[in-house]
1. Does the stretch 94-110 contain any residue that is more than 24 Å from residue 185 (Cβ to Cβ) and buried (at least 22 other Cβ atoms within 10 Å of the Cβ)?
2. Just give me the residues in the stretch 264-292 being touching a helix residue (DSSP H, G or I) at 6+ places or on another chain (Cβ under 7 Å) and part of a loop (DSSP other than H, G, I, E, B), in sequence order.
3. Check whether at least one residue in the stretch 135-150 is outside any loop (DSSP other than H, G, I, E, B) and in contact with a strand residue (DSSP E or B) (Cβ under 6 Å, 6 or more places away or on another chain), and report yes or no.
4. Quick check on the stretch 151-163. Is at least one of its residues touching a residue at least 60 places away in the same chain (Cβ under 8 Å) and either in contact with a strand residue (DSSP E or B) (Cβ under 9 Å, 6 or more places away or on another chain) or surrounded by 21 or more Cβ atoms within 10 Å (Cβ to Cβ) (or both)?
5. Which ranges mark the helices (runs of 4 or more DSSP H) fully within the stretch 182-263 that have 1 or more residues being free of Cβ contacts under 8 Å to residues at least 12 places away in the same chain, out of contact with any strand residue (DSSP E or B) (no Cβ under 8 Å at 6 or more places or on another chain) and closer than 28 Å to residue 288 by Cβ?
6. Looking at the stretch 152-163, can you tell me whether even one residue there is outside any helix (DSSP H, G or I) and at pLDDT 95 or above?
7. Could you check how many residues of the stretch 42-72 are farther than 24 Å from residue 267 by Cβ and surrounded by 18 or more Cβ atoms within 10 Å (Cβ to Cβ)?
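The values are calculated or read from the model by the stated rules, or taken from the named source; none is laboratory data. Treat the numbers as computed from the prediction; the structure is a model and nothing was measured. Glycine gets a Cβ as well: all are built from the backbone with ideal geometry, and neighbour counts include every protein chain shown.
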């Protein structure tokens with residue numbers, strides 16, 4: 001414990017203020033382990049030293065309480081804002097929320113209750129929710145009603161704590177058969193739930209594959225977007241490695257005055273320290289076009 005605390009203080013003094021990005025890009029554990037090693041605390045300090053101002057961790061809910069608390073302590077010391085973590089068990093191959101099954105709904109709500117404790121522990125504002133697989137035995141209208149009802153009940157749990165679940169539409173290529181597949185559908189559901197605790201996670205990688213037309217689609221559902229995730233296509237790696245014009249996409253997001261987190265939910269196109277530096281350089285390149 002004392003070694004980790006000392007490392008926080010030393011790293012805090014070596015951060016380069018010129019390296020701070022205009023948007024809150026959020027790396028994840030493992031992205032910079034060639035530089036920082038396996039220790040999560042050392043990785044967080046490395047992220048902060050590179051000028052990143054946020055961090056996300058899909059697996060945070062599964063980490064020990066002691067590690068959650070130590071990571072939160074480090075993020076506070078280094079001014080890293082906590083992004084999303086996955087709030088519940090995701091059903092990839094069988095229906096859960098779409099089915100209307102009351103046991104599956106209660107399981108989901110139980111996970112949300114536990115996620116509230118995690119969020120408070122690590123200073124998180126957002127948590128990822130994926131409604132799961134389609135129920136092919138029911139028409140889409142019934143499935144949508146079932147999902148909306150589950151999300152309304154979850155929102156009622158989250159609202160008193162000022163927390164927000166963000167619904168993530170996924171693409172059909174990587175995740176065939178999922179209920180939530182596009183931004184218009186997510187927008188419709190958020191309007192039906194009608195809660196500040198139920199918003200959209202717009203994953204640029206997924207939506208480039210699923211629907212394209214990125215900036216107009218973001219514009220159309222902007223009032224329900226609370227969180228953004230990043231990944232170029234093809235490959236799901238850092239910006240500048242694929243077909244997405246991230247200079248213009250980030251210019252649009254920045255121009256909207258977006259103060260939230262943009263999760264770097266992608267891989268590194270190259271291995272080792274050189275690959276990690278390429279990720280950092282790619283974000284510097286696309287961020288340089290944004291006005292402070």
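1. The first filter runs over the stretch 94-110 and keeps only residues more than 24 Å from residue 185 (Cβ to Cβ), leaving 103, 106, 110.
From what is left, the residues that are buried (at least 22 other Cβ atoms within 10 Å of the Cβ) are none.
No - not one qualifying residue is present in the stretch 94-110.
2. Listed by number, the residues that qualify are 266, 268, 269, 270, 289, 290.
3. Just the residues of the stretch 135-150 that are outside any loop (DSSP other than H, G, I, E, B), to begin with: 140-150.
Of the ones still in play, those that are also in contact with a strand residue (DSSP E or B) (Cβ under 6 Å, 6 or more places away or on another chain) are none.
Checking the stretch 135-150: not a single residue is outside any loop (DSSP other than H, G, I, E, B) and in contact with a strand residue (DSSP E or B) (Cβ under 6 Å, 6 or more places away or on another chain).
4. Within the stretch 151-163, the first condition is being touching a residue at least 60 places away in the same chain (Cβ under 8 Å), and the residues that meet it are none.
No, there is no match, as no residue in the stretch 151-163 is touching a residue at least 60 places away in the same chain (Cβ under 8 Å) and either in contact with a strand residue (DSSP E or B) (Cβ under 9 Å, 6 or more places away or on another chain) or surrounded by 21 or more Cβ atoms within 10 Å (Cβ to Cβ) (or both).
5. Values: elements: 183-193, 204-210, 214-220, 246-255.
Fully inside the stretch 182-263 and qualifying: 214-220, 246-255.
6. First pass over the stretch 152-163, keeping only residues outside any helix (DSSP H, G or I): 162-163.
Cutting the leftovers down to at pLDDT 95 or above gives us 162-163.
There is at least one residue in the stretch 152-163 that is outside any helix (DSSP H, G or I) and at pLDDT 95 or above.
7. Of all residues in the stretch 42-72, those farther than 24 Å from residue 267 by Cβ come to 64-66, 68-70, 72.
Imposing the further condition that a residue be surrounded by 18 or more Cβ atoms within 10 Å (Cβ to Cβ) reduces the set to 68, 70, 72.
Residues meeting the conditions: 3.
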